[in-house]
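*Asks:* Supplied in structure tokens, the structure appears directly below.
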Amino acid sequence: MTSTFENPFINYNAAKMSISDISSLWCDPLPYLEASGIINEVFLKSPDPIIMVGGRGSGKTMYLRYWSYKVLIERLLEQEHVNILSESSNFGGTSIYLRIEGSTLKEFDGVLLEKQQWNSLFIHFFELSVAVRYIDFLKSIESFTESEIISKILFEIAQIFNVHEDLDTIPKLQKFINTKITELDSYRTNLPFNKELKLNSILYSSNQLIKSIPLIFKNNIKEFSSHIFFITIDEYENFSIEQQRVVNTYIKFADENLSFRISMRPAGFKTYDTVNTEDFIKEGNDYTLLNFDRYNMDHRNKKYKEFLNDMCRKRIKHVNPNLTEDFLQIQNYLMRDENLNNEIANLSVKNKSKKILKQYLRRKISDKDLILLQNSDNLLMEMLNIIWYNRSEEITSAQINDAMNSYLRDGESPLKKKYKLDYADKYRYTLTLLILSALKTKKSFYSFNTFSYISNNNPRFFINLCAETFQEAYFTKGKLFITDLPISESIQSEAAYSNAKNELKEAGKISKFGSQIRRFILNIGNTFKNWQTDPKARYPETNQFSVDLDRLTPASRSAFMECLKWSIIIEKENLQRVTPGSPLNQIYTLNKIFCPLFSISYRTRGGYNMQISPEQMSDLFLENDFIIPVGSIERMKKIENISKKQFKLNFNEEE
């Protein structure tokens, strides 16, 4: 069993998967998504357009391909004694999946033609691209349809094309349409070398093919008489403004015969306008929005984790069908949670306590009082004691020691409850980061829980983390590594670091602002690290920020929008306060997949969110090694105006 184990997390890109793999590995994300409603039930039945938004790897392509006619027919063929046409009609509709390469779309632009001419060529291309996929669909049901009906359909389609040549078979019709597309490709390719070149072809206008061909299917195949056909467009963010105006117009006039299912990345809409500049499409009126980045976050990511468990189980079983149930559970490979106490205790660093004290102790202290702050058995507690001692001269080392011992031995210190809150809940992760920073040691990132958080609600990121982990485990121990589970913390952490480093490298390759985006990641990541290791822990685990986009320079705003599009920056769904008591504002965070690079916290907790000025944002994109000082200018001014009595830590208040 173990000698044949294969890595279940490699070579599975939804855009390149086979039809059978799509069907076998399908995990429905909608039960786990916020506000998904009953989308599955209406996906092929409702004429209302649906637009799906999510970062790369969020599962959009897998979802669209699963509902395409190719996968649905494949699923029906696996059943015995099934009438394909009748069963297909029961779905309520047919989805025609369409993904156009960005490089192809860019060819419908330039100075060689007027804007309206390019738009006409694009419409011609779009109509033909959809038409050839309609004919592919007809081919897939040909063997289940009477030959007389197929002949009649072909005859009527030929009339739409206004051709008199013999198109009495599906291959002939496919060849005819593909020839038209090839002619257009040749024209675009040669136009730069011959500006007088003419396209010797009649251009098809909007809906001439897209709406007409489905009506022919509906009128001739009784099972499809009430059918809806859906044009399913993937990667809509690649369409230009003018191209989106064209498709937005199609969306605006969707009906009971033809509608749209579209996916795109965040900030993928370049415009909401239609070709009529006085009209636009509006969420709720013209389309329903489904966000693939918004998993139900209740109960510590519970729903997202359930989805990941289901997804991993299917992948492991798909490539290793003989494994027993225990070996199908991803948590058995990764362990469920990290253990911060063990992580610190197992550090092989000499003089740990001495180095921590040297790094962080800010007040003068006698040797006798210093002993009261120390705890050789628990450096996390010792670090908390130092923070308390640094924060206020109103508290003594004896009081801190009493609070610690009361917590450990159920004593009577009035500070016991606060000590428990700070140690067990509020500052535990911060204490770990401070210790590791003093010891110049990277934070370890391991466990199913940690991977679920740093994958940032993105299944592809989680798959990549698992792929790297399994590959490293196999490299270290061979295929027998599953006899010694869970995989070690060090292997998992190295995989997380390697994956983050690769994501940084890929960010630098983004065609627009790639080098600036890479610089931004480094600068904002190091800024968060600086804030999270503040000796007084004033900004514990700060990893979110706010910025006024309207005040940014055009270049900074454009670079920022590219960060959103590529999920480098994640926009929080709900407005939040930058600081307690401040007005509600839009909050952003660096994608948590980068946390291992900087040894920073992936957790989101209340408190202070960084307010970044337009000037600072420009520097984050443009300057090397730019770090925003701990505490913004506005924040520091407020602190200076607060009296010492107000600012000191009130140890008698319960938090």
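The values are calculated or read from the model by the stated rules, or taken from the named source; none is laboratory data. Bear in mind the structure is a predicted one, so any value in this text is a computation, not a measurement. Cβ coordinates were reconstructed from backbone atoms using ideal geometry, including for glycine residues, and neighbour counts include every protein chain displayed. Just so you know, the surface numbers come from the protein's heavy atoms only, side chains and all, with ligands and any DNA or RNA stripped out. Shrake-Rupley method; radii C 1.70, N 1.55, O 1.52, S 1.80 Å.
*Asks:* Is it true that Glu146 is over 40 Å from the mean Cα position of the chain (by Cα), closer than 25 Å to Ser206 by Cβ and not small (Gly, Ala, Ser)?
*Replies:* No.
*Asks:* For the stretch 223-237, name all the residues that are at pLDDT below 95, over 17 Å from Ile96 (Cα atoms) and of a type outside the set (S, T, N, Q).
*Replies:* The one that is at pLDDT below 95, over 17 Å from Ile96 (Cα atoms) and of a type outside the set (S, T, N, Q): Glu223.
*Asks:* How many residues does the stretch 359-392 hold that are under 46 Å from the mean Cα position of the chain (by Cα) and more than 20 Å from Glu343 (Cβ to Cβ)?
*Replies:* Adding up the residues that qualify gives 9.
*Asks:* Is there a residue in the stretch 55-63 that is in contact with a Ser or Thr (Cβ under 9 Å, 6 or more places away or on another chain) and among the aliphatic types (A, V, I, L, M)?
*Replies:* Within the stretch 55-63 (the criterion being in contact with a Ser or Thr (Cβ under 9 Å, 6 or more places away or on another chain) and among the aliphatic types (A, V, I, L, M)), the answer is no, since none of the residues qualifies.
*Asks:* Quick one: would you say Leu372 is among the hydrophobic types (A, V, I, L, M, F, W, C), open to solvent by 40 Å² or more (accessible area, probe 1.4 Å) and in contact (Cβ under 8 Å) with a residue 24 or more places away in the chain?
*Replies:* Spelling it out, Leu372 is indeed among the hydrophobic types (A, V, I, L, M, F, W, C), open to solvent by 40 Å² or more (accessible area, probe 1.4 Å) and in contact (Cβ under 8 Å) with a residue 24 or more places away in the chain.
*Asks:* Could you list, in sequence order, all residues of the stretch 278-295 that are hydrophobic (A, V, I, L, M, F, W, C) and surrounded by fewer than 18 Cβ atoms within 10 Å (Cβ to Cβ)?
*Replies:* Phe280, Leu289
*Asks:* Going through the stretch 200-234 one residue at a time, which ones are in a loop (DSSP other than H, G, I, E, B) and open to solvent by 40 Å² or more (accessible area, probe 1.4 Å)?
*Replies:* Result: Asn200, Ile202, Leu203, Ser205, Ser206, Asn207, Gln208, Lys211, Ser225, Ser226.
*Asks:* Among residues belonging to the stretch 155-199 that are over 22 Å from Asp109 (Cβ atoms) and of a type in the set (Val, Ile, Thr), point out the one that is surrounded by the most Cβ atoms within 10 Å (Cβ to Cβ).
*Replies:* Among those that are over 22 Å from Asp109 (Cβ atoms) and of a type in the set (Val, Ile, Thr), it is Ile157.
*Asks:* Residue under question is Arg519, and the condition is that it be among the charged types (D, E, K, R) and within 15 Å of Phe598 (Cβ to Cβ); does it hold?
*Replies:* It is true that Arg519 is among the charged types (D, E, K, R) and within 15 Å of Phe598 (Cβ to Cβ).
*Asks:* Now for a separate question. Which residue out of Ala254, Ala267 is part of a loop (DSSP other than H, G, I, E, B) and touching a Pro at 6+ places or on another chain (Cβ under 6 Å)?
*Replies:* Exactly one of Ala254, Ala267 is part of a loop (DSSP other than H, G, I, E, B) and touching a Pro at 6+ places or on another chain (Cβ under 6 Å), namely Ala254.
*Asks:* Given the condition under 20 Å from the mean Cα position of the chain (by Cα), over 18 Å from Ile524 (Cβ atoms) and modelled with pLDDT of 75 or more, answer yes or no: does some residue in the stretch 581-589 qualify?
*Replies:* Within the stretch 581-589 (the criterion being under 20 Å from the mean Cα position of the chain (by Cα), over 18 Å from Ile524 (Cβ atoms) and modelled with pLDDT of 75 or more), the answer is no, since none of the residues qualifies.
*Asks:* Only one of (1) out of contact with any strand residue (DSSP E or B) (no Cβ under 9 Å at 6 or more places or on another chain); (2) open to solvent by 10 Å² or more (accessible area, probe 1.4 Å) is not met by Leu434, so which one is it?
*Replies:* In the conditions (1) out of contact with any strand residue (DSSP E or B) (no Cβ under 9 Å at 6 or more places or on another chain); (2) open to solvent by 10 Å² or more (accessible area, probe 1.4 Å), Leu434 misses (2) alone.
*Asks:* Further question on the same structure: What single numbered condition from (1) farther than 30 Å from Glu237 by Cβ; (2) among the polar types (S, T, N, Q); (3) surrounded by fewer than 21 Cβ atoms within 10 Å (Cβ to Cβ) fails to hold for Gln492?
*Replies:* In the conditions (1) farther than 30 Å from Glu237 by Cβ; (2) among the polar types (S, T, N, Q); (3) surrounded by fewer than 21 Cβ atoms within 10 Å (Cβ to Cβ), Gln492 misses (3) alone.
*Asks:* Pairs under 7 Å by beta carbon, first residue of a type in the set (Asp, Glu) in the stretch 265-286, partner surrounded by fewer than 18 Cβ atoms within 10 Å (Cβ to Cβ), six or more apart or different chains?
*Replies:* Here the result reads Asp273/Phe280; Glu283/Leu289, each pair linking the stretch 265-286 to a residue that is surrounded by fewer than 18 Cβ atoms within 10 Å (Cβ to Cβ).
*Asks:* Let me ask something else about it. Does Ile510 meet the test of being assigned to a loop (DSSP other than H, G, I, E, B), surrounded by 23 or more Cβ atoms within 10 Å (Cβ to Cβ) and among the β-branched types (Val, Ile, Thr)?
*Replies:* In short, no.
*Asks:* Identify all residues within the stretch 161-177 that are under 14 Å from His124 (Cβ atoms) and part of a helix (DSSP H, G or I); write none if there are none.
*Replies:* Once the filter is applied, which keeps residues that are under 14 Å from His124 (Cβ atoms) and part of a helix (DSSP H, G or I), the stretch 161-177 yields only Ile177.
*Asks:* Shifting gears a bit: Exactly one of these conditions fails for Arg519: (1) modelled with pLDDT of 95 or more; (2) of a type outside the set (Asp, Glu); (3) open to solvent by less than 10 Å² (accessible area, probe 1.4 Å); (4) more than 19 Å from the chain's Cα centre (by Cα). Give me its number.
*Replies:* Of (1) modelled with pLDDT of 95 or more; (2) of a type outside the set (Asp, Glu); (3) open to solvent by less than 10 Å² (accessible area, probe 1.4 Å); (4) more than 19 Å from the chain's Cα centre (by Cα), only one is false for Arg519: (3).
*Asks:* Of all residues being more than 27 Å from the chain's Cα centre (by Cα), of a type in the set (S, T, N, Q) and not in a loop (DSSP other than H, G, I, E, B) in the stretch 331-358, which is surrounded by the most Cβ atoms within 10 Å (Cβ to Cβ)? Just the residue, please.
*Replies:* Out of the qualifying residues, it is Ser353.
*Asks:* Is there a residue in the stretch 301-313 that is modelled with pLDDT of 90 or more, part of a helix (DSSP H, G or I), touching a helix residue (DSSP H, G or I) at 6+ places or on another chain (Cβ under 6 Å) and open to solvent by 70 Å² or more (accessible area, probe 1.4 Å)?
*Replies:* Scanning the stretch 301-313 turns up at least one residue that is modelled with pLDDT of 90 or more, part of a helix (DSSP H, G or I), touching a helix residue (DSSP H, G or I) at 6+ places or on another chain (Cβ under 6 Å) and open to solvent by 70 Å² or more (accessible area, probe 1.4 Å).
*Asks:* Then there is this: Kindly indicate which of Phe461, Phe520, Phe448 is of a type in the set (Phe, Trp, Tyr), farther than 30 Å from Glu623 by Cβ and out of contact with any strand residue (DSSP E or B) (no Cβ under 6 Å at 6 or more places or on another chain).
*Replies:* On inspection, the qualifying residue turns out to be Phe448.
*Asks:* Now for a separate question. Quick check, is Ile395 β-branched (Val, Ile, Thr) and part of a loop (DSSP other than H, G, I, E, B)?
*Replies:* yes
*Asks:* Here's a check for you: in the stretch 256-277, which residue that is open to solvent by 40 Å² or more (accessible area, probe 1.4 Å) and out of contact with any helix residue (DSSP H, G or I) (no Cβ under 6 Å at 6 or more places or on another chain) is modelled with the lowest pLDDT?
*Replies:* Thr277
*Asks:* Please specify each residue of the stretch 546-589 satisfying the condition of being in a strand (DSSP E or B), surrounded by 13 or more Cβ atoms within 10 Å (Cβ to Cβ) and not basic (Lys, Arg).
*Replies:* Passing the criteria: Ser546, Ile569, Ile570, Glu571, Gln576, Asn585, Tyr588, Thr589.
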